[in-house]
Amino acid sequence: MTAATSSGSRATDRGASAVVRKLLVRGLAAGLVGGLAYFVFAYLFGEDAVEAAIAYEEQTAAAAGDVSAEAPLVSRGIQSTLGLGVAAMIYGVAIGGVVGLAYASDGSDGSGRGRPRRRSLRPASSLQRATENSARAVANP
């Protein structure tokens with residue numbers, strides 16, 4: 001049993017894992033801030049439309065004689081404040097983590113220096129070639 005891995009992969013480099021951790025934490029923090037901003041925006045500008053839609057739905061159901069006597073499992077007040085806030089934060093942190101890991105897998109150390117990030121252009125160019133090829137196939141049946 002060996003004490004260390006002798007792989008040439010960057011994944012086994014301790015410095016690289018510290019960079020990945022740093023970029024992941026930054027991505028999670030940015031996602032948390034983004035989730036908070038989303039919550040404030042949705043609460044201020046979206047809740048009126050949701051309330052109007054619920055009122056319309058209840059009015060339509062009452063006109064059709066479909067009145068429900070059940071109490072909601074979670075009150076609307078909790079849904080529009082705590083529920084929206086928790087969902088926005090979780091979504092923001094998840095997306096921030098994914099973006100942080102994607103940026104870290106690009107090979108950059110986040111400083112703007114170092115090797116150029118040419119790898120990130122390859123998927124776009126292959127997607128462009130595939131789109132051009134499919135467009136040519138459609139144009140020339």
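The values are calculated or read from the model by the stated rules, or taken from the named source; none is laboratory data. Computed from a predicted model, the values in this text were never measured in an experiment. When we count neighbours, we look across all protein chains shown, and the Cβ atoms used for this are built from the backbone with ideal geometry, even at glycine.
Beta carbons closer than 6 Å, at least 6 apart along the sequence or on distinct chains, never pair a first residue in the range 76-103 that is buried (at least 16 other Cβ atoms within 10 Å of the Cβ) with a second that is not in a helix (DSSP H, G or I).
Being part of a helix (DSSP H, G or I), without any contact (Cβ under 8 Å) to a residue 40 or more places away in the chain and under 26 Å from the mean Cα position of the chain (by Cα) is a property that A49 has. Only one of the numbered conditions (1) exposed (fewer than 10 other Cβ atoms within 10 Å of the Cβ); (2) modelled with pLDDT of 70 or more is not met by E51, and that is (1).
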